[in-house]
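This report concerns only the one structure given below.
The values are calculated or read from the model by the stated rules, or taken from the named source; none is laboratory data. On a predicted model such as this, the values are computed, not experimentally measured, just so you know. Virtual Cβ from ideal backbone geometry, glycine too; neighbours counted across all protein chains shown. The protein model used for the area step is the full one, side chains on, heavy atoms only, and it has no ligands, DNA or RNA in it. Shrake-Rupley method; radii C 1.70, N 1.55, O 1.52, S 1.80 Å.
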Amino acid sequence: MRSLLSLSVVVALLSGCGGEPPEELVQSAKAKVERAAAVGHLTRGALEVLGLMPVYTCGEPRRGFLDIATVDLSQRLACATTTVESLDAVTDGVVVTFSGPNCQVHGLGLSGRVFFKYRGGEDRMEVEADLRQLRVEGVVLPAEVGYGTCGDLTSVWVKAEGDIPGREGHTMRMDAKVTKRPGMPILGGSSLVLDGTGELSGPDGVDKLTLTTLNYEVGEYLPKEGVAVLETSDGHHVEASFKPVLWRVGKVELTVDDHSPVTVPIVR
């Protein structure tokens with residue numbers, strides 16, 4: 001009897017490992033990954049807004065650079081108006097206002113304002129942009145972004161905290177950075193690579209989120225490559241692998257715990 005009982009326990013344990021996950025587990029994980037994808041899209045969008053202003057060229061006087069950069073932006077975007085003001089001896093501010101029904105950047109409708117701060121001088125410049133009064137497709141972009149440049153350092157970061165677009169009752173907190181790649185501009189190119197950590201909160205608890213080398217093409221919703229990992233509030237490990245062959249059809253490879261991977265569509 002004892003041997004039969006032991007065998008039944010082993011069988012029960014093995015049946016919970018490997019193989020395809022139960023459908024209800026797949027659907028729960030898929031919903032969480034869709035929220036993570038929305039957060040990644042928001043983060044990527046914030047960085048694209050930062051890239052609208054030309055990247056500071058080391059060695060230029062700060063105000064002279066801004067006078068040229070703001071004119072350049074207004075010429076490229078007829079719906080954008082800019083004002084420049086001196087905030088203190090080492091800081092200048094730029095307000096960029098987007099207006100008009102057809103104000104679009106990379107296929108996204110923009111309205112509201114962005115506040116830039118340029119702090120420093122010719123051998124070290126720190127740039128910050130507050131996007132919390134900007135709307136993208138009518139949705140508030142609750143993020144701050146920035147970069148430091150000159151010397152031997154170039155870093156780009158984004159901090160976001162607020163509602164997850166299109167996911168009522170769910171909020172997020174995200175700290176991310178852009179990975180610099182040899183031969184590629186860190187801002188203003190056709191793609192960027194994003195790493196970051198954060199939390200997704202909702203009625204069912206708080207999930208921990210880690211983004212690893214998400215490779216975004218400018219204007220696309222899903223990353224072309226990379227991995228997003230969720231440690232869920234109910235104790236599951238969810239890994240979403242983005243791959244070029246799946247990216248083209250709006251799908252992702254989903255692995256829950258030690259079950260076999262499954263491919264699922266991601267709804268925007």
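Structural remarks
- Note on surface exposure: R76, R124, R35, R248 rank R248, R76, R124, R35 by accessible area, highest first, 1.4 Å probe.
- Against the chain, whose longest principal axis is taken from its Cα atoms, helix 23-50 shows a tilt of about 10°.
- Solvent-accessible surface ranking, highest first, for D92, D257 at 1.4 angstrom: D257, D92
- Note: relative contact order over the chain, using C-alpha pairs below 8 Å and six or more positions apart, is 15 percent.
- E239 contributes about 60 Å² of solvent-accessible surface, heavy atoms of the protein only, 1.4 Å probe.
- Spatially close Lys pairs in region 23-265, defined by Cα atoms under 24 Å apart and a spacing of eight or more places or different chains, total 28.
- For the chain, the Cβ-based charge dipole about the Cα centre amounts to some 360 debye (Lys, Arg positive; Asp, Glu negative; other atoms uncharged).
- Computed [θ] at 222 nm, deg cm²/dmol, the chain (DSSP H ≥ 4; -39,500 (n - 2.57); rounded to nearest 500): -7500 deg cm²/dmol
- The chain - Debye-derived log10 I(q)/I(0), Cα point model, q = 0.09, 0.11, 0.17 Å⁻¹: -0.48, -0.66, -1.30
- Label-point separation in nm, S99 to S260, each point 7 Å along Cα→Cβ: 6.0
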